[in-house]
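What follows is a single structure, written as structure tokens, with notes after it.
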Amino acid sequence: MDKKNPTKPKNTYEAVFNGILIIGLIALFIAFLFLIPKQSEVLEEDLYYCILDSDCALVRGGCCGCNEGGNNTAVNNGYVGYWNAKMDKACKDVFCPQVISTHWTCSAQPVCFQNKCSLMQPA
């Protein structure tokens, strides 16, 4: 930097370097915007896809879970956070009754059946 003017670069190389650095940071930021998957981009087949029973997780089946008069469903473990966020957003104005549900899904186990997370009805 020039001692008389601290904002003025010493030479052209510094100015070029700073310009390339700024352009690189902007390009990196834009790339991340496109690389990070958006929640709306999740395909249903990915949401339920599995190979093993352990790939599946039990989640509330809609706005109200089993402790609120609702039911459960099963999704891929990797999408539990996505599912919960989706339900929270879709159900933000829904009031659920504070009653334990007797729906069969509330005592079911998540299983992988034909590469799709499903629930197995208890025996």
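Taking first residues from the range 89-113 that are farther than 16 Å from residue 76 by Cα and partners that are of a type in the set (Gly, Ala, Ser) and surrounded by 15 or more Cβ atoms within 10 Å (Cβ to Cβ), the Cβ contacts under 6 Å between residues at least 6 apart in sequence or on separate chains come to 97/69; 99/69; 101/69; 101/70. Residues in the range 44-61 that are part of a loop (DSSP other than H, G, I, E, B) and out of contact with any strand residue (DSSP E or B) (no Cβ under 8 Å at 6 or more places or on another chain): 0 in all.
If you go through the range 67-81 and pick out every residue that is assigned to a helix (DSSP H, G or I) and more than 20 Å from residue 115 (Cβ to Cβ), you end up with 3. Would you confirm whether any residue within the range 42-57 is at pLDDT below 75 and at negative phi? So far as the range 42-57 goes, no, none of its residues is at pLDDT below 75 and at negative phi.
The values are calculated or read from the model by the stated rules, or taken from the named source; none is laboratory data. This structure is a prediction, so every number in the text was calculated from the model and none was measured. Glycine also receives a Cβ, built like all others from the backbone with ideal geometry; neighbour counts cover every protein chain displayed.
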